[in-house]
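Peer 1: Structure below; questions to follow.
The values are calculated or read from the model by the stated rules, or taken from the named source; none is laboratory data. Fair warning: this is a prediction, and the values are worked out from it, not measured in the lab. Ideal geometry is used to build each Cβ from the backbone, glycine not excepted, and the neighbour counts take in all protein chains shown.
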Amino acid sequence: MNVSRKGMMKSTQYLFVIFSALACAAFIASSVSHAGDIDSNSLVGKWKDPDAPAIVQIANKGAYYEGVVVENADNPALVSTVVFKNLVYDGSDGIWKGTVYSIKKG
């Protein structure tokens, strides 16, 4: 039972990393857009929550963006897991759209 709870807590942390990355991107988009120099590549890079072990790399794949776990000291099996798929930035609405993979739900 402890393993199940521990796994659930880690999954929650990974989701927090993902949502934190998207929240940061939304903040960047909203604050930089006033300067007129925002673009969809503002999300590109490595993202890490200071309270979680996973690092997610978000990359431009041409027509969309993809986020992959690139480092995880606590659970190396999650490295290479795609956690964001088909992310597309809608500049007119300032919204990112796509699919987020829930490690917890599989």
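Peer 1: Please verify whether the range 25-44 includes one or more residues that are under 10 Å from the mean Cα position of the chain (by Cα), at pLDDT 80 or above and not in a loop (DSSP other than H, G, I, E, B).
Peer 2: Within the range 25-44 (the criterion being under 10 Å from the mean Cα position of the chain (by Cα), at pLDDT 80 or above and not in a loop (DSSP other than H, G, I, E, B)), the answer is yes, since at least one residue qualifies.
Peer 1: In the range 76-97, which residues are touching an Asp or Glu at 6+ places or on another chain (Cβ under 9 Å) and hydroxyl-bearing (Ser, Thr, Tyr)?
Peer 2: Once the filter is applied, which keeps residues that are touching an Asp or Glu at 6+ places or on another chain (Cβ under 9 Å) and hydroxyl-bearing (Ser, Thr, Tyr), the range 76-97 yields only TYR89.
Peer 1: I need a count of the residues in the range 87-98 that are of a type in the set (Ser, Thr, Tyr) and within 15 Å of ASN60 (Cα to Cα).
Peer 2: So the count comes out to 1.
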